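Structure, as structure tokens:
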Amino acid sequence: MLKLFFYLAVLLLAFLGYTRYSLAGNNNLQIGDDAPNFSLNDAEGTVHHLSDYAGKYLVLYFYPKDDTPGCTKEACHFRDDTVELEKLGAKVVGISVDSSQSHANFTKKYKLQFPLLADGDGSVANAYNALTNLYLFKIAKRYTYVINPAGKIEKIYKNVDTSNHSQEIITDLKVMQSQQ
């Protein structure tokens, strides 16, 4: 009987969380919108702000969890393509709801050369409509935003294939820059 009560409670919380999550989807960002500001710590405790990247393209990618297969693949592809992205005037920043310590371990293990920012309360992921909040836990969705040098959202990726995402962004950055 106690087991049944537990499962019903979990289902109820999941339903309430899903309902809240569905209703929160009304703040969809569009191409051309101002990118929401952020102030978050990286793995070393340094605070990063959106304004730190003014005048450059910013590849702001949200991911679910440090050191999981898909997130590791995505991060390592960004690591391997960092030089090419920087030649295109772009900086890469990853955000998840993991802690700075988790980011430090992940960064060190895979020799990542770009900052991973800790969004522990999920407020930045929520501002970018990239948060799944089921009350029991919060997790970032695998969304990426390319923010142009003027701070406007230039491209939004909501269906990310971790095996070729960084190359997709490189291709799109080249197109964006050729149209300027």
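Derivation of every value follows stated rules applied to the coordinates shown; laboratory data play no part. All of these numbers come straight from a predicted model, not from anything done at the bench. We place every Cβ from the backbone using ideal geometry, glycine too, and count neighbours over all the protein chains shown.
Quick one: if you take sqrt(5λ) for each eigenvalue of the C-alpha gyration tensor of region 103-150, what semi-axes come out, biggest first, whole angstrom? Mind dumping the intermediate values first?
Numbers: eigenvalues 89, 64, 14 Å².
Ellipsoid half-lengths, sorted descending, are 21, 18, 8 Å.
Residues of region 158-180 with an amide N closer than 16 Å to a point placed 7 Å from the Cα of Asp33 along the Cα-to-Cβ direction: 158-159. Relative to the longest principal axis of the C-alpha atoms of the chain, give the angle of the C-alpha long axis of helix 2-24, reported between 0 and 90° and rounded to the nearest 10°. Roughly 40 degrees between the two axes.
Proximity of backbone amide H atoms, modeled 1.01 Å from N, is registered between Lys138 and no other residue at under 5 Å, excluding neighbours fewer than 5 places apart on the same chain.
The HN-Hα couplings worked out from phi for region 93-104 by the Karplus form 6.51 cos²θ - 1.76 cosθ + 1.60 (θ = phi - 60°) are 9, x, 9, 9, 8, 5, 6, 4, 5, 4, 4, 4 Hz, whole numbers, x standing for Gly and Pro. Sorting Glu74, Glu168 by the number of Cβ atoms found within 10 Å of their own Cβ, with the fewest placed first, yields Glu168, Glu74.
The amide H of Lys155, built 1.01 Å from its N in the peptide plane, has Val146 as neighbours under 5 Å, considering only residues 5 or more places off or on other chains. For region 144-157, putting each phi into the Karplus relation 6.51 cos²θ - 1.76 cosθ + 1.60 with θ = phi - 60° gives couplings of 10, 10, 9, 10, 7, x, 8, x, 9, 6, 9, 8, 10, 10 Hz, in residue order, rounded to whole numbers and with x for Gly and Pro.
Length gain on complete extension for the stretch Gln167 to Ser51, per 0.36 nm per residue less the alpha carbon to alpha carbon distance?
Working: separation 116, 0.36 × 116 = 41.76 nm, distance 2.55 nm.
Full-extension gain reported as 39.2 nm.
Neighbour counts of C-beta atoms inside 10 Å place Leu29, Leu136 in the sequence Leu136, Leu29, starting with the fewest.
Legend: ranking of residues His49, His103 from fewest to most surrounding C-beta atoms inside 10 Å; resulting order His49, His103. Backbone amide hydrogens, once placed in the peptide plane, bring Ile95 within less than 5 Å of Tyr61, Phe62, Tyr63, Leu117, excluding anything fewer than 5 places away on its chain. Among 107-119, 31-43, sorting by the average number of other beta carbon atoms lying within 10 angstrom of each residue, highest first, gives 107-119, 31-43. Each principal axis of the Cα atoms in the chain has its own extent, and those three values, largest first, are 64, 36, 30 angstrom.
For region 38-46, putting each phi into the Karplus relation 6.51 cos²θ - 1.76 cosθ + 1.60 with θ = phi - 60° gives couplings of 8, 9, 9, 7, 8, 5, 9, x, 6 Hz, in residue order, rounded to whole numbers and with x for Gly and Pro.
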